[in-house]
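One structure is given here, and the rest of the page talks about it.
The values are calculated or read from the model by the stated rules, or taken from the named source; none is laboratory data. Note that the structure is a prediction, hence the values are computed from the model and not measured. Please note: Cβ atoms are built from the backbone with ideal geometry, for glycine as well, and neighbour counts cover all protein chains shown. The area values use the complete protein model at the heavy-atom level, side chains included, leaving out ligands, DNA and RNA. Shrake-Rupley method; radii C 1.70, N 1.55, O 1.52, S 1.80 Å.
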Amino acid sequence: MRKIDLCLNSEGAEVILATSSDEKHPPENMIDGNPETFWTTTGMFPQEFIICFHKHVRIERLVIQSYFVRTLRIEKSTSKEPVDFEPWIERDLVHTEGQLQNEEIMTRDGHATYLRFIIISAFDHFASVHSVSAEGLAVSNLS
(Lines give C-alpha, C1' and ligand atoms only; values in the text may rest on other atoms or scores of the structure.)
Protein backbone atom coordinates (compact mmCIF):
# COMPACT_ATOMS: atom_id res chain seq x y z
CA MET A 1 0.00 0.00 0.00
CA ARG A 2 1.33 3.42 -0.89
CA LYS A 3 1.32 6.32 1.53
CA ILE A 4 -0.89 9.22 0.51
CA ASP A 5 -1.83 12.67 1.79
CA LEU A 6 -4.97 11.67 3.66
CA CYS A 7 -6.02 15.30 4.26
CA LEU A 8 -6.60 16.22 0.63
CA ASN A 9 -10.23 16.73 -0.32
CA SER A 10 -9.40 14.78 -3.50
CA GLU A 11 -8.75 11.78 -1.19
CA GLY A 12 -12.17 12.20 0.45
CA ALA A 13 -11.20 14.35 3.46
CA GLU A 14 -13.55 17.12 4.55
CA VAL A 15 -13.45 20.01 7.00
CA ILE A 16 -16.67 19.42 8.92
CA LEU A 17 -16.30 22.20 11.51
CA ALA A 18 -14.43 25.48 11.81
CA THR A 19 -15.01 28.04 14.53
CA SER A 20 -14.58 30.93 12.12
CA SER A 21 -15.08 31.46 8.44
CA ASP A 22 -14.28 34.23 5.99
CA GLU A 23 -15.95 33.86 2.58
CA LYS A 24 -12.66 34.77 0.87
CA HIS A 25 -10.67 32.27 2.96
CA PRO A 26 -12.95 29.32 3.85
CA PRO A 27 -11.77 26.29 5.85
CA GLU A 28 -11.81 24.03 2.78
CA ASN A 29 -8.75 25.93 1.53
CA MET A 30 -6.56 24.04 4.04
CA ILE A 31 -7.09 20.73 2.24
CA ASP A 32 -7.45 21.77 -1.41
CA GLY A 33 -3.81 21.10 -2.30
CA ASN A 34 -3.29 24.71 -3.46
CA PRO A 35 -0.42 26.47 -1.61
CA GLU A 36 -1.88 29.89 -2.53
CA THR A 37 -5.13 29.42 -0.58
CA PHE A 38 -5.66 29.40 3.19
CA TRP A 39 -8.15 29.56 6.06
CA THR A 40 -7.99 32.52 8.38
CA THR A 41 -9.26 32.94 11.91
CA THR A 42 -11.44 35.92 12.72
CA GLY A 43 -9.71 36.86 15.94
CA MET A 44 -10.19 35.60 19.50
CA PHE A 45 -8.68 32.31 20.60
CA PRO A 46 -8.96 29.37 20.87
CA GLN A 47 -10.05 28.58 17.30
CA GLU A 48 -10.51 25.06 15.99
CA PHE A 49 -11.34 22.94 12.99
CA ILE A 50 -12.14 19.26 12.50
CA ILE A 51 -11.08 17.16 9.53
CA CYS A 52 -13.08 14.02 8.74
CA PHE A 53 -11.41 11.27 6.72
CA HIS A 54 -14.62 9.25 6.11
CA LYS A 55 -12.50 6.11 6.77
CA HIS A 56 -10.10 4.68 9.34
CA VAL A 57 -6.57 5.89 8.66
CA ARG A 58 -3.09 5.47 10.12
CA ILE A 59 -1.16 8.75 10.09
CA GLU A 60 2.64 8.60 10.18
CA ARG A 61 3.55 12.23 9.55
CA LEU A 62 1.73 15.56 9.82
CA VAL A 63 2.80 18.81 8.19
CA ILE A 64 1.02 22.05 9.07
CA GLN A 65 1.79 25.26 7.19
CA SER A 66 0.55 28.38 8.95
CA TYR A 67 1.15 32.02 9.90
CA PHE A 68 1.13 33.39 13.46
CA VAL A 69 0.07 30.16 15.23
CA ARG A 70 1.69 30.08 18.68
CA THR A 71 0.27 26.98 20.40
CA LEU A 72 -1.41 24.14 18.53
CA ARG A 73 -3.16 21.12 20.05
CA ILE A 74 -4.21 18.16 17.93
CA GLU A 75 -6.75 15.62 19.16
CA LYS A 76 -7.92 12.47 17.39
CA SER A 77 -10.96 10.24 17.38
CA THR A 78 -11.52 6.76 16.01
CA SER A 79 -15.31 6.97 16.41
CA LYS A 80 -17.82 6.91 13.55
CA GLU A 81 -19.01 10.36 14.67
CA PRO A 82 -16.85 13.37 15.72
CA VAL A 83 -16.93 12.52 19.43
CA ASP A 84 -14.60 11.02 22.05
CA PHE A 85 -11.54 13.02 21.01
CA GLU A 86 -8.37 12.22 22.90
CA PRO A 87 -5.31 14.44 23.31
CA TRP A 88 -2.59 13.48 20.83
CA ILE A 89 -0.08 16.24 20.10
CA GLU A 90 0.56 19.72 21.48
CA ARG A 91 3.22 22.04 20.09
CA ASP A 92 4.50 25.57 20.63
CA LEU A 93 5.42 26.84 17.18
CA VAL A 94 8.25 29.23 16.38
CA HIS A 95 7.32 32.68 15.09
CA THR A 96 8.65 33.09 11.55
CA GLU A 97 8.56 36.69 10.35
CA GLY A 98 7.55 36.98 6.70
CA GLN A 99 7.43 33.26 5.91
CA LEU A 100 5.17 30.30 6.57
CA GLN A 101 5.57 28.23 9.70
CA ASN A 102 6.27 24.70 8.47
CA GLU A 103 5.64 22.31 11.36
CA GLU A 104 6.50 18.69 10.62
CA ILE A 105 5.46 16.07 13.18
CA MET A 106 6.36 12.39 13.03
CA THR A 107 3.48 10.63 14.76
CA ARG A 108 2.93 7.55 16.88
CA ASP A 109 -0.35 5.74 17.38
CA GLY A 110 -1.84 7.72 14.49
CA HIS A 111 -5.07 5.76 14.06
CA ALA A 112 -7.97 8.15 13.47
CA THR A 113 -11.22 8.86 11.67
CA TYR A 114 -11.26 12.52 12.73
CA LEU A 115 -8.62 15.08 13.73
CA ARG A 116 -9.42 18.21 15.76
CA PHE A 117 -6.90 21.05 15.49
CA ILE A 118 -7.12 23.67 18.23
CA ILE A 119 -5.19 26.92 17.85
CA ILE A 120 -4.88 27.79 21.51
CA SER A 121 -2.99 31.04 21.00
CA ALA A 122 -1.37 33.10 18.27
CA PHE A 123 1.39 35.66 17.81
CA ASP A 124 -1.14 38.18 16.40
CA HIS A 125 -4.89 38.90 16.49
CA PHE A 126 -5.37 36.61 13.50
CA ALA A 127 -3.76 33.36 12.35
CA SER A 128 -3.98 31.43 9.11
CA VAL A 129 -3.57 27.80 8.16
CA HIS A 130 -2.42 27.28 4.58
CA SER A 131 -2.29 23.50 4.50
CA VAL A 132 -2.68 20.42 6.63
CA SER A 133 -1.06 17.28 5.31
CA ALA A 134 -1.32 13.82 6.86
CA GLU A 135 0.90 11.22 5.28
CA GLY A 136 -0.26 7.69 5.92
CA LEU A 137 -2.50 4.84 4.87
CA ALA A 138 -6.21 4.23 4.61
CA VAL A 139 -6.79 1.22 6.89
CA SER A 140 -10.50 0.46 6.38
CA ASN A 141 -13.82 2.01 5.48
CA LEU A 142 -16.28 3.13 8.13
CA SER A 143 -18.96 0.49 8.46
When region 1-58 is examined, which residues are found to be assigned to a loop (DSSP other than H, G, I, E, B) and among the β-branched types (Val, Ile, Thr)? 19, 37, 41, 42
Can you tell me which condition residue 84 does not meet? The list is (1) over 15 Å from the mean Cα position of the chain (by Cα); (2) in a strand (DSSP E or B); (3) over 18 Å from residue 20 (Cα atoms), and all the others hold. (2)
Looking only at region 96-122, filter to residues that are modelled with pLDDT of 95 or more and more than 22 Å from residue 135 (Cβ to Cβ); which one of those is surrounded by the most Cβ atoms within 10 Å (Cβ to Cβ)? 122
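Select from region 123-138 the residues that are surrounded by 15 or more Cβ atoms within 10 Å (Cβ to Cβ) and not small (Gly, Ala, Ser) and write down the one among them that is farthest from residue 91 (Cα to Cα). Please lay out each step first, then the result.
We begin by selecting, within region 123-138, every residue surrounded by 15 or more Cβ atoms within 10 Å (Cβ to Cβ); these are 123, 126-138.
Those still in the list that are not small (Gly, Ala, Ser) too: 123, 126, 129-130, 132, 135, 137.
Numbers: 123: 14, 126: 18, 129: 15, 130: 17, 132: 15, 135: 18, 137: 24 Å.
Residue satisfying both the conditions and the ranking: 137.
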Of those in region 70-95 that are farther than 22 Å from residue 46 by Cα and in contact (Cβ under 8 Å) with a residue 24 or more places away in the chain, the residue most open to solvent (accessible area, probe 1.4 Å) is 80
